[in-house]
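Bear in mind these aren't lab numbers, they're just calculated from the coordinates by the rules spelled out. Only a predicted model underlies this, so the values are computations on that prediction, with no experimental measurement involved. Cβ placement follows ideal geometry from the backbone for every residue including glycine, while neighbour counts extend to all protein chains displayed.
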Amino acid sequence: MLVLLGLVLVAGRPLPAAAAPVTPSPPAGEEEITLYSGIAGLNVCVARSAGVGFDQAVAIAGETIAQLIQSQHGSVISLVGSKPLSLEELRKGAINSALLGAVEACPDQVPEAVRQAVQASLRQVEGRTSPASTPAPASAPARSAPPRRGR
């Protein structure tokens, strides 16, 4: 009777498809990475509101996103290239994403020094990519305001 019960229990479960073709995971695109960064930032905010230390909150959020990219996208991020990234590379990027997301979503939950460093890095990156940061041609003199006289 026990053997029969075991066969019934096994027979009730679907068998794994051994011959099913394995389709490769699609790489994470810009849309997914933006979504994951937002989720990571919100995770940091929620954890911080619950009393979790900042470093631990960022590490947990980063690890969650790294594992998600590894499992759902085969560790490939199209913005980076077509080669799968190592888990350590994914973790570093995911932690950076969590920091960026937290600074945007809950800046009051981010230590001041970290917030300032993130904002300075963003300004530096924007300065390299922004057309407005291109210096004026050398032939155009820079204008300055006339000196103010004290009263």
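See the values below:
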| quantity | calculated |
| --- | --- |
| Estimated vicinal HN-Hα couplings, Hz - region 72-87 in sequence order (Karplus 6.51, -1.76, 1.60; Gly, Pro = x) | 8, 10, x, 6, 10, 10, 4, 5, 9, x, 9, 8, x, 8, 6, 4 |
| Protection proxy ranking, peptides 89-95, 73-79, average beta carbon neighbours within 10 Å, highest first | 89-95, 73-79 |
| R0 of 25 Å, Cβ-Cβ distance Asn96-Gln67: FRET efficiency to nearest 0.05 | 0.95 |
| For Ala28, distant residues with modelled amide H under 5 Å away | Val76, Ile77, Ser78 |
| Most to least packed among 41-50, 111-120 [average Cβ atoms within 10 Å] | 41-50, 111-120 |
| Farthest positive-ward along region 25-124 dipole, Cα basis, beta-carbon charges - from Val110, Gln124, Gly38 | Gln124 |
| Equivalent ellipsoid semi-axes, region 25-124, via Cα gyration tensor eigenvalues times 5, rooted, Å | 24, 14, 11 |
| Sequence ranges 103-109, 59-65, ranked by mean other-Cβ count within 10 angstrom, highest first | 59-65, 103-109 |
| Derived scalar couplings ³J(HN,Hα) [region 42-57; Karplus, 6.51 cos²θ - 1.76 cosθ + 1.60; whole Hz; x for Gly, Pro] | 5, 4, 4, 4, 5, 4, 5, 5, 8, x, 6, x, 4, 4, 5, 4 |
| Where labels lie 7 Å past Cα in the beta-carbon direction, separation of Glu112 and Ser49 in nm | 2.4 |
| Ascending count of other beta-carbon atoms within 10 Å, so fewest first, for Glu126, Glu32 | Glu126, Glu32 |
| Dipole magnitude of region 25-124, debye to nearest 20 (Cβ charges: Lys/Arg +1, Asp/Glu -1, about Cα centre) | 120 |
| Net length gained if the chain between Val80 and Gln124 were fully extended (0.36 nm per residue, minus Cα distance) | 13.9 nm |
